[in-house]
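Everything below concerns the one structure shown next.
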Amino acid sequence: TRIHLATLDELTERAVRYRHLLDQGENERLARFRFEEDRRRFLLGHGLLRDLLGKVLDQDPAEIVFHRGRYGKPYVEGYPVHFNLSDTKDAVAVALSIDLEIGLDLETMTRRVDHLSVSQHYFTPEEQASIASAADGKQRFLELWTRKEAVLKACGVGIMDDLRSLRVDQETNELMIRHPEFIAMSEAEYHLRTWHTAPSLLLSLAAARPVDFVEILHA
């Protein structure tokens with residue numbers, strides 16, 4: 001499993017080339033963004049994803065056809081490669097794995113959030129206690145938040161109402177969720193890892209079985 005990470009500034013010189021890689025649907029989504037920074041993030045993130053998949057699949061990145069699962073998670077039909085794209089304010093990350101469904105979430109520590117208040121609505125009692133007792137409560141909140149997002153992205157549901165049923169403060173998390181769609185699409189448990197990268201970035205990866213080796217590369 002590999003995670004490719006880059007800031008938007010580091011990818012800016014690829015913008016013209018990446019623009020030619022996007023398909024019609026991606027270009028339509030790109031045009032709908034109101035703010036230039038959002039368009040830039042979308043272009044560079046999806047261009048990077050196509051660029052990396054092209055190398056793994058030995059295909060022209062512009063010719064890759066994405067299909068989508070029931071809740072929109074993309075996949076390439078006929079290939080065992082699994083992938084996930086995540087972005088934050090000024091950076092993007094792409095995870096790639098063979099024969100292993102994965103979920104990735106990237107977050108910046110500069111994000112403003114009332115971590116104690118939000119945790120009461122979306123975190124288990126054990127997670128709330130972990131946040132309240134941490135030396136840096138906001139950091140612990142974001143570590144757990146990225147883990148929840150990574151699990152949801154791994155199973156392909158994407159969004160679920162009751163995140164308090166999803167406990168992620170341990171390395172292996174057996175699922176307590178009873179949401180019928182989640183049960184139908186998820187694994188029995190997820191293995192989670194979190195990294196602090198660069199001065200202010202957090203990465204969390206969820207997988208259905210332990211990942212012995214994860215290589216974090218600078219894209």
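Filtered by the rule that a residue be open to solvent by 70 Å² or more (accessible area, probe 1.4 Å) and in a helix (DSSP H, G or I), the stretch 97-132 gives Leu116, Gln120, His121, Tyr122, Pro125, Glu126, Ala132. Any residue that is part of a helix (DSSP H, G or I) and either in contact with a Gly (Cβ under 7 Å, 6 or more places away or on another chain) or of a type outside the set (Gly, Ala, Ser) (or both) - is there at least one of those in the stretch 70-78? Looking for residues that are part of a helix (DSSP H, G or I) and either in contact with a Gly (Cβ under 7 Å, 6 or more places away or on another chain) or of a type outside the set (Gly, Ala, Ser) (or both), one finds none in the stretch 70-78, hence no. The residue that is surrounded by the most Cβ atoms within 10 Å (Cβ to Cβ), counting only those in the stretch 20-42 that are acidic (Asp, Glu) and over 21 Å from the mean Cα position of the chain (by Cα), is Asp23.
Counting only residues that are free of Cβ contacts under 8 Å to residues at least 60 places away in the same chain and either open to solvent by 80 Å² or more (accessible area, probe 1.4 Å) or not charged (D, E, K, R) (or both), the stretch 61-96 holds 20 of them. Within the stretch 13-35, residues that are over 17 Å from Gly72 (Cα atoms) reach partners that are outside any helix (DSSP H, G or I) and not aliphatic (A, V, I, L, M) with beta carbons closer than 9 Å, at six or more positions or on different chains, in the pairs Leu21/Asp60. Meeting the requirement of 1 or more residues that are modelled with pLDDT of 90 or more and closer than 10 Å to Val151 by Cα, the strands (runs of 3 or more DSSP E) wholly within the stretch 171-219 are 189-197, 201-207.
The values are calculated or read from the model by the stated rules, or taken from the named source; none is laboratory data. On a predicted model such as this, the values are computed, not experimentally measured, just so you know. Ideal geometry is used to build each Cβ from the backbone, glycine not excepted, and the neighbour counts take in all protein chains shown. For accessibility, only protein heavy atoms count, side chains too; no ligands or nucleic acids. Shrake-Rupley method; radii C 1.70, N 1.55, O 1.52, S 1.80 Å.
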